[in-house]
Structures are given as C-alpha cells and as structure tokens.
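Participant: Here it is: the structure, laid out below.
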Amino acid sequence: MNNGQTQVYCDTSYSWGRLKRIDFLMEEIRNYSQVRRREKLEILDVGCGSGNVAISLGSSGHQVRAIDTNQFMINYAKSINPFENVSFEIEDAGELDITKGEYDIVICTEVLEHLANPGCVIYRIKQVLKPDGLLLITIPNGYTISEFILLLLKWPTVMLQKLGLLRTVKKLLVRPPFLDTKGSPHVQHYTLGKFKKIVGQGDFVITSVQNCGAISIIFPLSYILPRFELGKRMEEWDWRIANTCPSFLAGGWMITCEQTQHSKGQ
C-alpha cells in the first residue's frame, strides 16, 4: 500500500483550487477506508480526463479503473501511468458495464455539468456502487459570473471563426481560456438545491458539501492566477474564505453522497 501514502500526480500548472479538489477526494477515500477497515479499495473514476486523479489514488495501492469517452485523453493517461493497479478505458458513463463488478468509491469530478442527461449517469453509477459505497462529485455553481462572461465571449469567438483566426488565437495562448462558438462549455447549470433533487431521484443522499473558491475561478483570473506564486496564494485565500460563505456564493461544490436506506435495502 505504499505505507498509506498518496502522491499527487498532476501538471505543474495545476491551480491551487484543482489540487484542493484532489485533496478532498483523497481525504474522503482515506476516511472511508479506515471506517470500513478496507485497506485496498475498488474505485471507479468516471470522466477521468488526463488521469491525474486516478493515478494519484493508485499511488496508495487502490485498484482504480478510469473511464472517459475522449480517446486522446485516455491515450495520454496511459502514457503517464506508472501503476499496474490503475487502468484506463474508453467507455461512456451513460452505458457503464455493470458486469465488471462493484465499487467501493465512484468519482465523478467536473463531469456532470457537461452531460445532457446526468440522471442517467447517476442511475448507472448506483448499479455499480456497493450498498455502503460513496459517490464523490465536484460540480461548478452554474450561476457564477464566469458563466455569464463565457456567454459574452461567444460573439467575439464566432467572429474569429468567421475570419479564420480562431485556431491561430488558440495556438498563441499557452493555456487558452475557453473559446468556443457555443459560449459556456456547460450543458447543465446547477444550483445546490437543483443538484440535490437530481441525486435524490437516483436514490442518493448528500452527506457533506464543501464550497469551492468564488473569485479565483472567474475568467480571466482562473487563467492568470495559477501562473504566479502570489496568484496561487490569492487562490488559497479565496478558497478558505469561500468555505465560510453561504453555498450560493461559492464557485462550485465538493459533494459526498451515500445511497439512501431504501436503496441499500433493495
């Protein structure tokens, strides 16, 4: 188990906030492992992206299966993965293979806001999660200033595309902000109350919520701050302050869910 020590594997350009989300996942998994007295957990990472979370968890010896629909991301994750106990596969979250066993933990971080039917994915997750398992989710607040700024960026982006300059502009930016003719990349725009209803319909109950930073995730601050040491300090202050604020002021939420007692008994 690597003496229970977990290493964080991520790009050096990761913001303080993104590292904080990984810390949240690791802490919840560590607590679950201790309470259930299970040293080696079966974990499913839904929408794993570049694989940093899955690989970080794999460093603790947990058996991690990570899935995504993006072939490029899966290939990249495989290329940087040093652990035999971590696997990466192409699979649609809405069509999870329930024959591949049950999981102690299912992770779904910064994914559900991109899906047209998140309820379907939550239903499938329930089918592969052990009765006493945890569902760990992070989602953005769908009504922050960032969402409105991204919508405003839609029109100049469309103009750049018409002029044939959009690809050039994106190449000039080392870590480009979101430039898309659709505006916001998010299909779903959540409030915490709306999200509680969605997970409730899937027979889950939210047991804990932690706020994400409010100011530092706003474009262009989210693009600028991670580049500088002072900026990263400002991100940290923002996240600490946000965790003392009402949930509707947060930039997003880190959420722990358990199955309802009714669901466990089925």
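The values are calculated or read from the model by the stated rules, or taken from the named source; none is laboratory data. What you see is a predicted model, and the numbers here were worked out from it, not measured in a lab. Neighbour counts run over all protein chains shown; Cβ positions are idealised from the backbone, glycine included.
Participant: Which of the residues spanning the range 163-209 are β-branched (Val, Ile, Thr) and at pLDDT 65 or above?
Facilitator: THR168, VAL187, THR191, ILE198, VAL199, VAL205, ILE206, THR207, VAL209
Participant: Does the range 106-126 hold any residues that are aliphatic (A, V, I, L, M), in a helix (DSSP H, G or I) and within 15 Å of THR69 (Cα to Cα), and which are they?
Facilitator: LEU112, VAL121
Participant: Here's another thing I want to ask about it. Going through ILE107, ILE67 one at a time, which residue ends up being in contact with a Leu (Cβ under 7 Å, 6 or more places away or on another chain) and either at pLDDT 95 or above or not hydroxyl-bearing (Ser, Thr, Tyr) (or both)?
Facilitator: Unique residue meeting the criteria: ILE107.
Participant: State which residue is modelled with the highest pLDDT when the search covers only the range 212-250 and only residues that are among the polar types (S, T, N, Q) and under 16 Å from LEU19 (Cβ atoms).
Facilitator: Among residues in the range 212-250 that are among the polar types (S, T, N, Q) and under 16 Å from LEU19 (Cβ atoms), the one modelled with the highest pLDDT is ASN243.
Participant: Identify all residues within the range 27-40 that are over 28 Å from PHE72 (Cβ atoms) and not acidic (Asp, Glu); write none if there are none.
Facilitator: ARG30, ASN31, TYR32, SER33, GLN34, VAL35, ARG36, ARG37, ARG38, LYS40
Residues checked against (1) in contact with an Asp or Glu (Cβ under 9 Å, 6 or more places away or on another chain); (2) assigned to a helix (DSSP H, G or I); (3) not polar (S, T, N, Q):
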site	(1), (2), (3)
ILE22	no, yes, yes
MET26	no, yes, yes
GLN34	no, yes, no
SER50	yes, no, no
ALA54	yes, yes, yes
LYS78	no, yes, yes
SER87	no, no, no
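Participant: Let me ask something additional. Given the conditions (1) surrounded by 21 or more Cβ atoms within 10 Å (Cβ to Cβ); (2) at pLDDT below 85; (3) in contact with a strand residue (DSSP E or B) (Cβ under 8 Å, 6 or more places away or on another chain), report the number of the one that GLY17 does not fulfil.
Facilitator: So the condition that GLY17 fails would be (3).
Participant: Which residues, taken from the range 88-102, are closer than 22 Å to GLY61 by Cβ and over 18 Å from the mean Cα position of the chain (by Cα)?
Facilitator: Answer for the range 88-102, where residues must be closer than 22 Å to GLY61 by Cβ and over 18 Å from the mean Cα position of the chain (by Cα): LYS100, GLY101, GLU102.
Participant: Turning to a different aspect of this structure: Looking at ASP92, ASP97, ASP68 in this structure, which one is within 20 Å of ILE198 (Cα to Cα) and without any contact (Cβ under 8 Å) to a residue 40 or more places away in the chain?
Facilitator: ASP92
Participant: What number goes with the only condition from (1) modelled with pLDDT of 85 or more; (2) in contact with a Cys (Cβ under 8 Å, 6 or more places away or on another chain) that ILE29 does not pass?
Facilitator: (2)
Participant: A further question on this structure: Of the residues that make up the range 68-86, is at least one under 14 Å from the mean Cα position of the chain (by Cα) and surrounded by 14 or more Cβ atoms within 10 Å (Cβ to Cβ)?
Facilitator: Among the residues of the range 68-86, at least one is under 14 Å from the mean Cα position of the chain (by Cα) and surrounded by 14 or more Cβ atoms within 10 Å (Cβ to Cβ), which makes the answer yes.
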